[in-house]
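This report refers to the structure that appears directly beneath it.
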Amino acid sequence: RGPLVDAADNRADQDHRQPAGARTQLAAQQAYQEQSRQARLPKPALLARDLMTSPVVTLPSDATLIDAWTLMIRRSFRHLPISSVHGTLVGMVSDRDLIRHAPDLVIAGIQSTAARRPLAEIMSPRVLSATPTTDIREIARVMMDERVGALPILDTDRRPVGIVSKQDLL
């Protein structure tokens, strides 16, 4: 027998000599210490691809205000990526953008030229976006700092592959 085996045997003997309550308390302390060690380890990050809504629905930039309005109401969307004829992201339209133009529709009617106004004229061309491998914490930070309700998730060719909204984060 080597010294390591003897030390282990001594601990085992000591454990059996301790009252059952002391052994239980020791086990609880060890479990608590292990849990504390685990809590200090960094948690694996969720990525955009883990929470994004995919496939993403887009409209082309030549679609009309009434097209966006109809789609967003039917699908309960609040944000809609706008794509070029090549499928790359060129802008975003939100429900707020549509509401801003709603008086034109009410006054002129849905058959008016206002209703047929292309989305390219009302969309926000400056769009913050992320990739499928972006850390979701970074997306949340950007959305809060920039006060945006959704970020489109783009592939390497700037084509929308998903969208992360505040609802997804909640």
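Here are the numbers for the structure shown:
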quantity	calculated
Other-chain or far-sequence residues with amide H under 5 Å of L154's (modelled H)	A130, T131, V161
Label-to-label distance, nm, for residues given as T70 and Y32 (7 Å Cα→Cβ offset)	6.5
Net charge contributed by nearby residues that have their C-beta within less than 9 Å of A150 (K/R +1, D/E -1)	+1
T133-V85 FRET efficiency (beta carbon distance; Förster radius 25 Å; 0.05 resolution)	0.35
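Rule-based calculations on the coordinates, nothing more; no lab input. Predicted model only: the values in this text are computed from it and were never measured. When we count neighbours, we look across all protein chains shown, and the Cβ atoms used for this are built from the backbone with ideal geometry, even at glycine.
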